[in-house]
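A.B. asks: Below is one structure. I have some questions about it.
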Amino acid sequence: MTTVIAPVATLLPVFAPAESLLDTGGTVVSLLLKIAFITVMFLVVPLVGGYLEHKGMARLQNRRGPVEAGPAGSLQLVADGIKFIQKEDIIPGAADRKVFAMAPAIGLVATLLSFAVIPLAPGLFALDLELGLFYVLAISSVGVLGIMMAGWASANKFSLIGGLRAAAQLIAYELPLILVAVAVALQAGTLSLVGIVEAQQSSELFGTGISMWYVFPQALGFGIFFLAALAELSRPPFDMPIGDSELVFGYITEYSGIKFAMFLLTEYAGMILMSGLTVVLFLGGWQPLPGLDLPDGALGVLLGAGVTLGKIMLLVFVMIWVRVAYPRLREDQLQRISWTVLVPLSLVNLAVVAVGKVVAG
Amino acid sequence: MSVLARRDRALTPEETEALLRDRLGDGIIGSTLAHRMFTVHVAPSAWVDTFTRCRDEPLLDFDLFDTLHGVDAREDGFDVVAILYSTSTGNRLCLRTRCEGGRDTPVCPSLNDVYRGANWMERETWDMFGIEFPGHPALEPRILTVENFEGWPLRKDFHLASRVAKPWPGVKEPAELDEDGNVIERVPGIGDAPGPYVLDEAMAAQAIALRQVSAAIDAAAGNEAAVASAEPTVSDATMPEASAPASGTAASTDPAAAADAARTADEQRRAQAEARARKAAERAADETPEEQA
Amino acid sequence: MSDLDVREQLLQGTAPGEGLAIELVGDGDLVTADMSLSIGPAHPATHGVFRVVFEMDGERILRAKPVIGYMHRGFEKLAEYRDYRQIMALVNRHDWLSGFSNELGVALAVEQMLEMEVPERAQWIRMLMAEWNRILNHLMFIGSFALELGAITPMFYAFREREDIQHLMESATGGRLHFTYNQVGGVKIDLPRGFLAESARVSKLTRSRMPDYDDLVLGNEIFRGRTVDIGPLPTDVALSLGVTGPALHATGLAEDSRVTEPYLKYGDIDVEVPVGRNGDAYDRFAVLLGRIRVSLDIIDQIHDHMTSGPVNQKLPKMVKAPEGATYVRTENPLGQLGYWLESDGGRTPWRLKMRTPSFSNVQAIPYLVQGQLLPDAISILGSVFFVVGDIDR
């Protein structure tokens, strides 16, 4: 076995993690900086996404949206958060109290951990792991465990059905999601998220010298990834686990107060995370336009972060747009789309990318 | 099949009755044609057969089961009325039967096997009149009233609870009219429940008092416009006799007064604010002793 | 007792709160049992206090049992204690989305018993209002049905139109839900000045916005996927159950009393009845949309036909229907509304039976949802179009 692997291993470049700007001023300061970075990504950016959802949805629906809390209603989610904290935390009598209490935390932690490897700008990230992509996909799918726990522990039939639907959905959509991500990793030649962004900057369209992002050769993959991400997040039109007209509120039915707020935060953070991942894998990360590089220094970092966040918000808006425009699918229709359409297509995508990689050199 | 396909071959009421009499013999007791509705009176024993005929007889073809309900027939017991409609001929037929068992144990055969729609209709009739329908799969639990409800609400000997508790407030009760249809003026006596009009007067008096107080304060603050606008509102909203002072309305339309009001708008606003502050202070002064007590 | 003990008892069904807990079935591998799931009385999909108990195997429904009566207010009993003028204010409350059409039925029944001639202008006004009321009602269901399938936007679009129409009706009747505009012998008061011009404007505006619903809902792939061939209803079953209105038209039978038994002046104008193919949820919805267009056509025709003249009859102080019974059927927005009026010659009716469309239509639900999946059952519940007050009365 080693005789086969060893020569292959020597072909691979040795991984040198990119240097993070947050690694300054000793261990303690660096740690605090990284915690601050993840907290901002987890708490502040989702609030902006949530505000975009409030206002964007309202505009698309002929409404005004929140106007009272803060300038143009921008603090509505903060006000909601304060309200949730004050509310009574109700636990149903028949609930499995420990599991019930743990469930919201699991989803939250999974999303929180994933933000560690998302790069915002050159040098602006908490960690650059060699297996960054693998890490994100592995950790983010832990979240569904929390959903299943919530569904079971609530001792409510609607919650149970919601939890089971979420699990079925995860199994169906994890596969195309990973297969598409593999194709990206194959083209980039690395699993590091920073590496993938950098590889996109230097990549050329079929050797013509024109710079491009992976969204162009892998448009199919991009579509599949975005669709699967929607399904994994239980966003409409794939919100069957919540499905308020069928399951009241699915696995969240029995939750109230701060625990409900945690689920809500996880959902918004999940939107940011999946959009961030899509930006990194397909949309060139912090690069403003294909072939247009950022200036060096602090300005470049700032601009890069702005560009990444702008792209993320653009994708979040698309998610909102889809939510406004479409009704909900049925669980079996969703499974059919996944197994009979998306999985074969993502395999085709993988094969095409692999052939292209070999042909192109 | 399209709607009203056999409109020209629809049977007249007489023909319908003749056909039913031919098929069912003594089961058909008689018929009436009044108020544009043709009713066939059926004996309870022939009730189910009549409906089966009505449905299956090609000339009749009554396919739409419209409604079924009970009617209180005084000392004779209860009637069950069902209405059928034919979408091909456009005919409507009303079938009526007198339940067996008088007022104590009214019974009528069930149509559940003939028309699916009879299921809930019969449950409702049982719920409302206590008419039993032998052959119905399950009349219980009560379909509209609560499960432990006692009595049969639509029977005439079941009185409306709110009319037993207190008479109809005011003069709008239909029973308060004489034979010629003239309203009998009724002055509520002691012990009669207070009608809404009594309450209205008390509230109106209160509202007038409040308005007068605030108008007085506004007048003290030199705000004539506010006084003027307060007056007509009182007259509109409350008592007719309060509409007598029309001077306020005249003041508000007087151009000189309006110009004056515009010129001193700032002063008025300031005066109003002061008045408000004074009122708040008075209120605070009123409340403090109570709190201490 | 610790929480764990309580939980144990709840699971065994020995403690209060039984039925809340999930039953544990056997302890072997892959032991399954049917689950009973109660949708309602307070569930988002029932829009009102209506309950359906599903017996389910996984997500598939084996049996369904609707439980009604949560909103029974005894209207039929109350009507026996009110004179014909007061009943108007009572009947516009059972189906609160079509108040005007309900009043119309009672007014027609009393007029039929009195053999009263209603002034021509009053009849045209009644038709105009009835059609606007129908559109109001249908728009509500267009929004709510889409909402039940998870699309939130059509509701807001529908309310944009509803608001215009309600302003229009309010200007004539003074009411937004309970119009109380009919009276025996005509309508309460003539139309305000400029009403017909405004009505024509709103009609044009509403028509110009109808393609929005075609694009947003009817043409939506997911909407089609969720409704086509879901809950088909054969015509004969529908008739046997007494199902009428859009649910019956969807089965392909154009049985509409405006055409088959014209009342008011419907005989003088063209009324088209949109029909469906096989009575599935998609057809029911498409028929509903088609009916809005038909109503707009009717409204335009009424504008052309509108005459001048009195709008009501001079009535005696107390209207008394002669002895006897009659049945009047009108095409309410949700289906056929029938009033059976039996009088003993007194001031109040002896019996007023309200044959409401929702009551008969809801009866079809057990038939429709049997063997369907839970999400489809929600789609069927939404597409039968009922108002809970109209079921329970």
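The values are calculated or read from the model by the stated rules, or taken from the named source; none is laboratory data. Everything numeric here is computed off the predicted structure, so don't read it as measured data. Positions of Cβ are generated from backbone atoms using ideal geometry, with glycine treated the same way; all protein chains shown enter the neighbour counts. Just the protein is used for accessible areas: all its heavy atoms, side chains included, with ligands, DNA and RNA removed. Shrake-Rupley method; radii C 1.70, N 1.55, O 1.52, S 1.80 Å.
A.B. asks: Around residue C:50, which amide H atoms from residues at least 5 apart in sequence, or from another chain, sit under 5 Å from its own amide H, with H modelled in the peptide plane?
C.D. replies: Hits under the 5 Å cutoff: C:43.
A.B. asks: Give me the net charge for the shell around residue A:225: Cβ to Cβ below 13 angstrom, other residues only, Lys and Arg +1, Asp and Glu -1.
C.D. replies: Details: positive: none; negative: A:174, A:232.
Surrounding charge for residue A:225 is -2.
A.B. asks: Evaluate peptide C:38-46: per residue, the Cβ atoms of other protein chains within 10 Å of its Cβ; return the mean as an integer. It would help to have the intermediate numbers written out before the result.
C.D. replies: Working: counts 2, 4, 0, 0, 1, 6, 7, 6, 1.
Across C:38-46, the average partner-chain Cβ count within 10 Å equals 3.
A.B. asks: Still on this structure, please answer the following. Before rounding to the nearest 500, sum -39500 (n - 2.57) across all DSSP H runs of length at least 4 in chain A and divide by the residue total; then give [θ] at 222 nm in deg cm²/dmol.
C.D. replies: Working: 15 runs with 227 residues, N = 361.
Roughly -20500 deg cm²/dmol at 222 nm, from the helical runs in chain A.
A.B. asks: In addition: Any idea how far apart residue C:293 and residue B:220 come out in nm if each label point goes 7 Å out from Cα toward Cβ?
C.D. replies: 6.9
A.B. asks: Springs between alpha-carbon pairs under 10 angstrom, Gaussian network model over chain A: which of A:312, A:90, A:147 fluctuates most?
C.D. replies: Largest GNM mean-square fluctuation: A:90.
A.B. asks: State the Cα centre-to-centre distance between the stretch C:290-339 and the stretch A:324-357 in whole Å.
C.D. replies: Spelled out, the Cα-based centre of one part sits 55 Å from the other.
A.B. asks: Quick query: amide H of residue C:63 versus all other amide H atoms, modeled in the peptide plane; which residues come in under 5 Å with a sequence gap of 5 or more or a different chain?
C.D. replies: Answer set, sorted by chain and number: C:55.
A.B. asks: Which one of C:217, C:67, C:328 has the biggest mean-square fluctuation once chain C is modelled by GNM with Cα springs under 10 Å?
C.D. replies: In the Gaussian network model the winner is C:67.
A.B. asks: Name the lysines eligible as straight-distance cross-link partners of residue A:55: C-alpha to C-alpha under 19 Å, and not fewer than 8 places from it in the same chain.
C.D. replies: Candidates past the 8-residue exclusion: A:311.
A.B. asks: Could you state how much accessible area residue A:255 has, in square angstrom rounded to the nearest 10, with a 1.4 Å probe and all protein chains kept in place?
C.D. replies: Probe radius 1.4 Å; accessible area of residue A:255 about 10 Å².
A.B. asks: May I pose another question? Counting only helical runs of four or more DSSP H residues, what would the 222 nm mean residue ellipticity of chain C come to if each run contributes -39,500 (n - 2.57) and the total is spread over all its residues?
C.D. replies: Values: 16 runs with 181 residues, N = 393.
One gets -14000 deg cm²/dmol as the mean residue ellipticity at 222 nm.
A.B. asks: Restricting to Cα pairs below 8 Å that are 6+ residues apart, what does the relative contact order work out to for chain A? Please round to a whole percent.
C.D. replies: Values: 541 pairs, mean separation 83.7, N = 361.
Taking the mean separation of contacting Cα pairs over the length of chain A, I get 23 percent.
A.B. asks: Counting alpha carbon pairs within less than 8 Å and at least 6 residues apart, what relative contact order, in whole percent, applies to chain C? Intermediate results must be reported in sequence, preceding the final value.
C.D. replies: Numbers: 739 pairs, mean separation 93.1, N = 393.
Contact order relative to length: 24 percent.
A.B. asks: Sort B:140, A:246 by accessible area with a 1.4 Å probe, largest first.
C.D. replies: Working: B:140 130, A:246 0 Å².
The ranking, largest first, comes out as B:140, A:246.
A.B. asks: If you take the accessible area of C alone, add that of B alone, and subtract the area of the pair, what total do you get in Å², probe 1.4 Å, to the nearest 100? Walk me through the numbers on the way to the answer.
C.D. replies: Values: alone 17380 and 18660 Å², together 31260 Å².
Buried area (both sides, nearest 100 Å²): 4800 Å².
A.B. asks: A further question follows. When you look at the Cβ of every residue in C:316-325, what mean number of other chain Cβ atoms sits within 10 Å? Display every interim value, and only then the final one.
C.D. replies: On the way: counts 2, 5, 8, 1, 2, 1, 2, 2, 5, 10.
Taking all residues of C:316-325 together, the mean is 4.
A.B. asks: For residue C:115 and residue C:200, what does the FRET efficiency come to when R0 = 60 Å and r is the distance between their Cβ atoms, rounded to the nearest 0.05?
C.D. replies: Numbers: r = 35 Å, r/R0 = 0.58.
In this case the efficiency is close to 0.95.
A.B. asks: Please compute, for peptide C:145-151, the average count of beta-carbon atoms on other protein chains lying within 10 Å of each residue's beta-carbon.
C.D. replies: Working: counts 2, 1, 3, 6, 9, 15, 8.
Mean inter-chain Cβ contacts per residue within 10 Å come to 6.
A.B. asks: Run the numbers for residue A:30 and residue A:90: contour at 0.36 nm per residue of separation, minus the present Cα-Cα distance, in nm. Could you put the intermediate results ahead of the total?
C.D. replies: Values: separation 60, 0.36 × 60 = 21.60 nm, distance 3.95 nm.
Extra length available between residue A:30 and residue A:90 comes to 17.7 nm.
A.B. asks: Arrange the residues C:51, B:211, B:123 by how much accessible surface each exposes, largest first, with a 1.4 angstrom probe.
C.D. replies: Details: C:51 70, B:211 105, B:123 40 Å².
Correct descending sequence by accessible area is B:211, C:51, B:123.
A.B. asks: I've got another one for you. Along the stretch C:154-166, what does the Karplus equation 6.51 cos²θ - 1.76 cosθ + 1.60 (θ = phi - 60°) give for ³J(HN,Hα), rounded to whole Hz, x for Gly and Pro?
C.D. replies: Taking θ as phi minus 60°, the curve returns x, 4, 5, 5, 5, 6, 4, 5, 4, 4, 4, 5, 5 Hz for the stretch C:154-166.
A.B. asks: I would also like to ask the following. Ignoring everything but the protein chains, give the 1.4 Å probe accessible area of residue A:31 in square angstrom, nearest 10.
C.D. replies: Estimated to the nearest 10 Å², residue A:31 gives 100 Å².
A.B. asks: On to the next question. Please quote Rg/Rh for chain C to two decimal places, taking the Kirkwood radius as Rh and restricting both calculations to Cα atoms. Can you show the working numbers first?
C.D. replies: Values: Rg = 23.2 Å, Rh = 22.4 Å.
In chain C, Rg relative to Rh is 1.03.
A.B. asks: How about residue A:259: which lysines have a C-alpha closer than 20 Å to its C-alpha, ignoring those fewer than 8 places off in the same chain?
C.D. replies: Of all the lysines, those that pass the test against residue A:259 - Cα under 20 Å, at least 8 places apart if same chain - are A:83, A:87, A:98, A:157.
A.B. asks: Also: Report, by chain and number, residues whose modeled amide H sits under 5 Å from the one on residue C:36, excluding near sequence neighbours (fewer than 5 apart, same chain).
C.D. replies: It is C:56, by chain and number.
A.B. asks: Moving to a separate point now. Once phi is turned into ³J(HN,Hα) by the Karplus curve 6.51 cos²θ - 1.76 cosθ + 1.60 with θ = phi - 60°, what whole-Hz value does each residue of the stretch A:353-360 show in order, with x for glycine and proline?
C.D. replies: 5, 5, 5, x, 4, 5, 5, 5
A.B. asks: How high is the FRET efficiency from residue A:69 to residue B:280, r the C-beta distance, R0 30 Å, rounded to 0.05?
C.D. replies: Rounded to the nearest 0.05, the efficiency is 0.60.
A.B. asks: Provide the net charge surrounding residue C:258, with neighbours chosen by a C-beta distance below 13 Å and charges set as Lys +1, Arg +1, Asp -1, Glu -1. Can you show the working numbers first?
C.D. replies: Working: positive: C:126, C:134, C:265, C:291, C:329; negative: C:131, C:255, C:256, C:261, C:268, C:270, C:272, C:297, C:331.
So the environment of residue C:258 carries a net charge of -4.
A.B. asks: Could you report the buried accessible area between A and C, both sides summed, computed with a 1.4 Å probe and given in Å² to the nearest 100?
C.D. replies: Numbers: alone 17170 and 17380 Å², together 31360 Å².
The summed interface area works out to 3200 Å².
A.B. asks: For the stretch A:145-150, what does the Karplus curve 6.51 cos²θ - 1.76 cosθ + 1.60, with θ = phi - 60°, yield as ³J(HN,Hα) per residue in whole Hz, taken in order and with x for Gly and Pro?
C.D. replies: In residue order, the calculated couplings are 4, x, 5, 5, 4, 4 Hz.
A.B. asks: Kirkwood hydrodynamic radius, computed over distinct alpha-carbon pairs, for the stretch A:20-360: how many Å, to one decimal? All intermediate terms of the calculation are to be shown ahead of the outcome.
C.D. replies: Details: mean 1/r = 0.0479 Å⁻¹.
For the stretch A:20-360, inverting the mean 1/r across all distinct Cα pairs yields 20.9 Å.
A.B. asks: Right, next: Distance between Cα centroids, the stretch C:168-224 to the stretch A:146-189: provide it in whole Å.
C.D. replies: What the calculation gives is 46 Å, centre to centre.
A.B. asks: Among residues other than residue A:139 whose Cβ falls under 13 Å from its Cβ, what is the net charge (Lys/Arg +1, Asp/Glu -1)? If you can, show how the numbers build up before the last one.
C.D. replies: Working: positive: none; negative: A:174, A:232.
Neighbour charge sum, excluding residue A:139 itself: -2.
A.B. asks: So, one more: Round to the nearest 10 and report in Å² the accessible area of residue A:182, as given by a 1.4 Å probe over the protein chains' heavy atoms.
C.D. replies: Its accessible surface works out to 70 Å², give or take rounding.
A.B. asks: A follow-up question, please. Rank B:100, C:255, C:170 by accessible area, highest first, at a 1.4 Å probe radius? Intermediate values should be presented prior to the final figure.
C.D. replies: Numbers: B:100 110, C:255 0, C:170 70 Å².
Ranked from most to least accessible, the order is B:100, C:170, C:255.
A.B. asks: Now, a different point. Just A:305, A:116, A:58 to compare: in a GNM of chain A, with alpha carbon springs under 10 Å, which one fluctuates most?
C.D. replies: Maximum among the listed residues: A:58.
A.B. asks: If you take the square roots of the eigenvalues of the alpha-carbon gyration tensor of the stretch A:204-361 and sort them as a ≥ b ≥ c, do you get rounded (a/c under 1.5), prolate (a/b over b/c) or oblate?
C.D. replies: Numbers: a/c = 3.16, a/b = 1.42, b/c = 2.23.
It is oblate, given that a/c is not under 1.5 and a/b is not larger than b/c.
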